[in-house]
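Note sheet for the following structure.
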Amino acid sequence: MELAAAVKQTAVMVDTIPGIISASFAKNATALYDTYRPHTKGFTHTLLVTFENEMALKVYDTAPTHLELGEMIIPFMEEAIATDTIVNTYPET
């Protein structure tokens, strides 16, 4: 699986799952500048999704485009970690 296909599927996910503010899937940076120290703990890629609210996260959990993306990104990872954080800094819609 190519990285470009997973990135494209991430955009499809944003367009098809209500309540996603933004999403990106990318290879983690490891050498941004000469003295850069990566903090990736061995993780090579990141999927970052920002939601409007908790209900949007609930919808995302079972959305077919999210599940498809999950299958697509497995080859990029030996291990995965997922965290969900609620930060009420976005305006109500």
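The values are calculated or read from the model by the stated rules, or taken from the named source; none is laboratory data. All of these numbers come straight from a predicted model, not from anything done at the bench. Cβ: placed from backbone, ideal geometry, glycine included. Neighbour counts: every protein chain shown. SASA here: full protein model, heavy atoms, side chains in, ligands and nucleic acids out. Shrake-Rupley method; radii C 1.70, N 1.55, O 1.52, S 1.80 Å.
The table below gives the values:
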{"item": "Members of region 1-31 found to be over 15 Å from Leu69 (Cβ atoms), open to solvent by 50 Å² or more (accessible area, probe 1.4 Å) and at pLDDT below 85, listed by number", "result": "Thr30, Ala31"}
{"item": "Test for Glu54: is it closer than 20 Å to Val14 by Cβ and surrounded by fewer than 14 Cβ atoms within 10 Å (Cβ to Cβ)", "result": "yes"}
{"item": "Pair list, Cβ under 7 Å, 6 or more apart: region 15-35 residue within 12 Å of Tyr60 (Cα to Cα) and touching a residue at least 60 places away in the same chain (Cβ under 8 Å), other residue open to solvent by 80 Å² or more (accessible area, probe 1.4 Å) and assigned to a strand (DSSP E or B)", "result": "none"}
{"item": "Per-region count, region 32-45, residues surrounded by 13 or more Cβ atoms within 10 Å (Cβ to Cβ) and hydrophobic (A, V, I, L, M, F, W, C)", "result": "1"}
